[in-house]
Structures are given as structure tokens and as C-alpha cells.
1. How about the stretch 256-266: which of its residues are in a loop (DSSP other than H, G, I, E, B) and surrounded by fewer than 14 Cβ atoms within 10 Å (Cβ to Cβ)?
2. Out of the stretch 335-368, which residues are in contact (Cβ under 8 Å) with a residue 60 or more places away in the chain and closer than 15 Å to residue 147 by Cβ?
3. Would you check which residues across the stretch 7-38 are in a strand (DSSP E or B) and either surrounded by fewer than 17 Cβ atoms within 10 Å (Cβ to Cβ) or at pLDDT below 70 (or both) and list them?
4. Specify the residue that is farthest from residue 319 (Cα to Cα); the eligible residues are those in the stretch 357-392 that are among the polar types (S, T, N, Q) and within 23 Å of the chain's Cα centre (by Cα).
5. Only one of these is polar (S, T, N, Q), more than 18 Å from residue 171 (Cα to Cα) and assigned by TED's automatic domain parsing to the domain that holds residue 167: 271, 290. Name it.
6. Select from the stretch 202-225 the residues that are in a helix (DSSP H, G or I), more than 19 Å from residue 244 (Cα to Cα) and not aliphatic (A, V, I, L, M) and list them in ascending order.
7. Quickly run through the stretch 320-371 and pick out the residues that are of a type in the set (Val, Ile, Thr), more than 17 Å from residue 52 (Cα to Cα) and crowded, with 18+ Cβ neighbours inside 10 Å.
8. Could you check the stretch 320-375 and list, in sequence order, the residues that are out of contact with any Leu (no Cβ under 7 Å at 6 or more places or on another chain) and among the charged types (D, E, K, R)?
Amino acid sequence: MAKVVAKTEPINIPLSQLVVGMTVKLPLSWFNNPFFRNKVLISSQAEIELINSLGINYVTVIDGQHLFVEPVISQPVVAAEVAPAFDINAIIKKSVNTSRVRFSKACSNLRPAYSKVISDPPVSHREAVTVVELLLTHLHETKQPQIGLVNCADKEINMAQHGISVAVLSILMGHSLELAPAQMRDLALGCVFHDIGKLKIPDAIRRKRIDLTSHERNYIKTHPNIGYEMLDRSGLFPKAMLDIVLHHHEYIDGSGYPNKLTKNHIPLLTQIVILANDYTVLLESTGSAQLALGTLFKSRADKHDKALISILVKTLGVFPPGSIVKLSDGSIAKVIMTSTASKQPHVVSCSAHGTQASFRCLIDEGVTIVETVKLEDLSKKLANLLEVHAPVCFYVCHIND
């Protein structure tokens with residue numbers, strides 16, 4: 001008979017017994033989990049779901065045993081089973097988790113690049129280039145790189161997270177265009193630094209979401225010029241990358257800023273970033289992947305090159321990562337990763353009744369997407385399980401060849 005462990009002692013428990021408020025130790029190295037630390041204070045249901053997705057069987061409760069309704073029987077430590085090579089759903093799950101870890105690492109490594117841009121430009125340049133080279137290495141790990149969803153634990157996406165997401169979209173578009181390696185580096189470097197000028201905008205204005213005065217709006221619009229000047233003075237950054245920083249808010253119809261440039265005066269690399277940034281900003285503001293993509297088609301098609309919009313759609317798929325959809329088997333799902341079949345992406349799905357979410361390969365199952373689902377039509381349980389309100393970021397993702 002199993003022995004009941006005192007609540008004051010660390011105990012191993014199955015994931016089904018996790019409760020918000022516990023402090024737990026994960027049986028993973030810090031660099032192999034998305035929290036980047038072994039001990040985690042669980043502050044939300046979303047974090048419980050994230051732990052459930054890590055492919056582990058147990059955690060060790062360090063603090064919070066009193067939160068159990070009944071005494072907990074300590075579970076023996078059992079090594080996680082290795083998924084067989086043919087288990088495509090387990091492979092997808094591993095690939096998505098790897099992308100989450102890589103995304104977090106890239107964002108963390110950008111912090112010194114941002115903080116040192118004025119005080120120590122060589123360090124800033126070196127750290128940013130290191131992030132870019134690693135990102136491009138991940139891109140070329142497979143012949144068919146895909147775009148994967150990264151749910152952010154933060155309520156708002158920060159500059160590093162936004163920069164990496166724009167970079168991922170841009171280099172995947174650049175990959176489709178078969179850009180030269182040097183162009184890909186300039187493209188990615190411009191992306192991670194494109195909003196650097198916002199560091200000089202006061203937080204009271206930069207973080208204000210509504211009721212901006214005309215003076216405040218004009219102040220925010222100075223960030224491309226500020227960023228360009230911050231980087232140009234060092235003499236370390238290439239011209240093509242600096243053009244991206246200065247002109248990432250221009251549009252081909254001449255309605256952008258700061259110089260109201262038209263198509264013939266905007267380099268290709270800059271046009272790519274303008275489009276990737278525009279989609280990402282729309283996604284952040286609407287909270288809906290489908291609405292963001294639809295807005296590009298309906299309201300902003302004249303602001304971007306049509307050929308580039310087509311490439312963006314090819315990159316994102318008909319149902320972009322983050323889309324909430326209904327499947328042909330009646331399940332409700334969230335798109336987490338594109339696939340070779342744009343209408344059959346990889347998803348996390350659960351039944352309409354809200355049972356535990358699971359990773360699925362629609363191509364392998366022969367299941368298709370029937371329609372998109374509006375967020376307001378979801379039950380609270382489904383919305384929580386699928387984390388539909390979590391801010392969406394992107395990273396390179398793929399299934400091993």
C-alpha cells in the first residue's frame with residue numbers, strides 16, 4: 001500500500017493534480033522547458049496547460065501541498081516514455097515545444113542588444129547578429145520550414161517578442177523568394193531592431209492604447225528616425241538593414257511615414273518587413289489571425305505589393321497559426337503550426353464539450369477544417385483550454401525530415 005507523504009515534504013504528483021498556487025519543480029533541465037527555470041510558481045490555468053504539454057509524467061511539489069482537497073499519495077518517479085518514431089502527433093508536440101524554447105531564448109538574448117545599443121554598440125551588434133545567425137540556422141534545418149505558434153504568457157507582447165515574430169515571418173517570405181544569404185541576414189537584423197527607436201518614447205505614451213492626442217501620435221511616429229540615428233552613428237550596421245529601421249512604416253501607395261515613399265523608392269527587403277510588421281500589428285490589435293489576414297486583403301491591399309501578399313498567405317496558410325477552427329470530426333481546434341497542405345495545418349484540438357486538448361496532424365488523419373470559429377462563440381472552458389486570448393508570436397518550426 002502506498003505511503004501517504006506529509007504535506008510539508010516535497011512530493012511527486014501526476015499532472016492531473018496540479019493546482020494554481022503551487023510551486024513545483026519540473027523534471028527537466030532549465031534550457032529544455034519554456035519557463036527557463038526548474039522551479040515554477042503556478043499562477044494561472046494556462047501555465048498548467050503548458051506544463052501538461054511538456055511530455056512529462058509528474059512534477060515535484062515544493063510548496064502548496066495545503067492546496068490539495070485530500071491528502072496526496074506520493075507517486076513513484078517513472079521515466080517518461082519515448083514516443084515511437086511513427087507517432088506523428090508526439091513529433092508535432094516535440095517540434096512545437098522546441099520552437100517555444102528557442103523563441104524564449106532568442107528574446108532573452110536580444111535584451112543586451114537593446115540595452116547596449118547606445119552605451120556599447122559593438123556588444124549590441126554582436127548579440128543581435130548571434131540571434132540572427134541562430135534563427136537562420138533553425139530556418140535551414142529542413143528543406144520545408146514551417147511557421148509555429150508561440151503563446152506568450154505575458155498580457156502584452158514586448159519589443160523582443162514582436163521583433164522575433166516579424167523576423168520569422170520575413171525570413172520565411174525571404175526563403176520563398178530565394179534571397180541570397182547576405183540579404184537574409186540584413187532582413188532578419190532589420191527586423192529585430194526595427195522598433196528600437198521606441199525605447200526613446202516615454203512609456204506613458206508608448207504603452208497608451210486609446211485616446212492618444214495628435215501630439216502623442218506624432219511623437220510615436222518619430223521612432224523610425226530615432227532608431228535609424230541610434231544605429232547609424234555606430235557605423236556597424238549595413239545600409240539595407242538601416243533602411244528597414246527607417247522605413248518600416250512606409251506603404252507603396254505613399255501613405256506611410258516618415259517620408260511618404262512610394263513603391264519604386266522602397267527596397268524589396270524593406271517591403272517584406274513592412275508587410276510582416278503590418279500583419280503582426282493587426283494580429284496583436286485584433287487578437288484574431290483570420291481577422292488580421294482578412295483586413296490585409298480588404299482594407300490594406302493597396303498598401304502592399306500583391307505578389308508579396310500572396311507569399312505571406314503561402315507562408316501563413318489559409319488558416320494562419322492562432323486561428324480557431326471547427327474540424328470535420330466536430331472538434332474545435334487552434335492552429336499551431338503550418339504544414340505542406342495549407343488547409344490541413346497541425347492543430348491542438350478538443351471536443352466541443354471541452355475535453356483535454358491534444359496535438360493532431362490533420363493530413364495524417366484525413367481530417368479537414370470546416371470553418372473558422374469566432375472567439376465570442378466559444379464557451380469559457382473551450383477558450384481556456386485552447387488559450388484563445390493568449391498573445392500570438394511566431395518561430396520557425398518543422399517536422400524532422
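1. Going residue by residue through the stretch 256-266, those that are in a loop (DSSP other than H, G, I, E, B) are 256-261, 266.
If the condition is that a residue be in a loop (DSSP other than H, G, I, E, B) and surrounded by fewer than 14 Cβ atoms within 10 Å (Cβ to Cβ), then 260 is the only one that fits.
2. Of everything in the stretch 335-368, those that are in contact (Cβ under 8 Å) with a residue 60 or more places away in the chain and closer than 15 Å to residue 147 by Cβ turn out to be 335, 336, 337, 338, 339, 340, 346.
3. Filtering the stretch 7-38 for residues in a strand (DSSP E or B) gives 11-14, 23-25.
Hits for the stretch 7-38 are 14, 23, 25.
4. Here is the first cut: in the stretch 357-392, the residues among the polar types (S, T, N, Q) are 358, 368, 372, 379, 384.
In the following step, the residues that additionally are within 23 Å of the chain's Cα centre (by Cα) were identified as 358, 372, 384.
Values: 358: 18, 372: 8, 384: 20 Å.
Only one residue fits best here, namely 384.
5. On the way: 271 fails: more than 18 Å from residue 171 (Cα to Cα).
Among 271, 290, only 290 is polar (S, T, N, Q), more than 18 Å from residue 171 (Cα to Cα) and assigned by TED's automatic domain parsing to the domain that holds residue 167.
6. First, pick out the residues of the stretch 202-225 that are in a helix (DSSP H, G or I): 203-206, 214-220, 223-225.
Filter once more, so that each one left must be more than 19 Å from residue 244 (Cα to Cα): 203-206, 214-219.
The answer is 203, 206, 214, 215, 216, 217, 218, 219.
7. So the first thing to find is which residues in the stretch 320-371 are of a type in the set (Val, Ile, Thr), and the list is 324-325, 332, 335-336, 338, 340, 347-348, 355, 363, 367-370.
Still in the list and also more than 17 Å from residue 52 (Cα to Cα): 324-325, 332, 335, 338, 340, 363, 367-370.
Those that are of a type in the set (Val, Ile, Thr), more than 17 Å from residue 52 (Cα to Cα) and crowded, with 18+ Cβ neighbours inside 10 Å: 324, 325, 332, 335, 338, 367, 369.
8. Answer for the stretch 320-375, where residues must be out of contact with any Leu (no Cβ under 7 Å at 6 or more places or on another chain) and among the charged types (D, E, K, R): 326, 329, 343, 360, 364, 365, 371, 374.
The values are calculated or read from the model by the stated rules, or taken from the named source; none is laboratory data. Please read these numbers as outputs of a predicted model, since none were measured by experiment. Note: ideal-geometry Cβ built from the backbone for every residue, glycine included; neighbour counts use all protein chains shown.
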